[in-house]
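Novice: Quick one: this structure, given as structure tokens, is what I'll be asking you about.
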């Protein structure tokens with residue numbers, strides 16, 4: 001089984017994905033880390049070349065992991081921006097992690113987030129822009145506002161059905 005974790009920046013995708021993979025004894029892949037490795041540039045450096053440059057790299061990384069099995073993939077918050085990515089996501093089970101924007105803002109380090117750096121209000125704008133695509137792409141929706149392990153337990157229950 002291939003599981004994609006999607007959601008807003010700071011929603012807990014990577015942490016939940018890592019715990020979930022360990023629990024299921026699956027491989028864990030962080031798409032942002034693959035992008036950095038493949039391009040030998042940081043996410044910030046790729047964004048400095050243009051968001052379209054980053055999105056193309058993100059698309060290529062997603063394609064490269066889409067044939068994996070027994071794998072949990074943590075995606076970037078904007079993975080749903082390209083319609084072609086929505087098609088690739090459907091090759092697996094898509095779990096949307098929802099977390100309140102208030103909780104995200106209280107813990108998110110915006111310095112490493114090119115789209116919201118120096119503009120915390122941008123987070124709300126991004127959510128409004130992406131919300132419908134997140135829900136359209138998701139097979140299952142998990143709320144992560146309290147305990148990461150409880151969120152992982154919910155996902156495991158869904159997967160084992």
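Novice: Among the helices (runs of 4 or more DSSP H) lying completely within the range 1-114, list those that include at least 1 residues that are closer than 19 Å to residue 131 by Cα and free of Cβ contacts under 8 Å to residues at least 40 places away in the same chain.
Specialist: 51-65, 83-89, 101-107
Novice: So for the range 128-142 (the condition being surrounded by 15 or more Cβ atoms within 10 Å (Cβ to Cβ) and at pLDDT below 90), does at least one residue qualify?
Specialist: no
Novice: Which of the residues spanning the range 15-34 are within 14 Å of residue 155 (Cβ to Cβ) and within 10 Å of the chain's Cα centre (by Cα)?
Specialist: Within the range 15-34, 17 is the sole residue that qualifies.
Novice: In the range 35-54, which residue that is surrounded by 19 or more Cβ atoms within 10 Å (Cβ to Cβ) and under 17 Å from the mean Cα position of the chain (by Cα) is modelled with the lowest pLDDT?
Specialist: 43
Novice: Among (1) buried (at least 18 other Cβ atoms within 10 Å of the Cβ); (2) at pLDDT 95 or above; (3) more than 14 Å from residue 85 (Cβ to Cβ), which single condition is residue 22 missing?
Specialist: Every condition holds for residue 22 apart from (1).
The values are calculated or read from the model by the stated rules, or taken from the named source; none is laboratory data. Treat the numbers as computed from the prediction; the structure is a model and nothing was measured. FYI the Cβ positions are ideal-geometry reconstructions off the backbone, even for glycines, and counts take in every protein chain you see.
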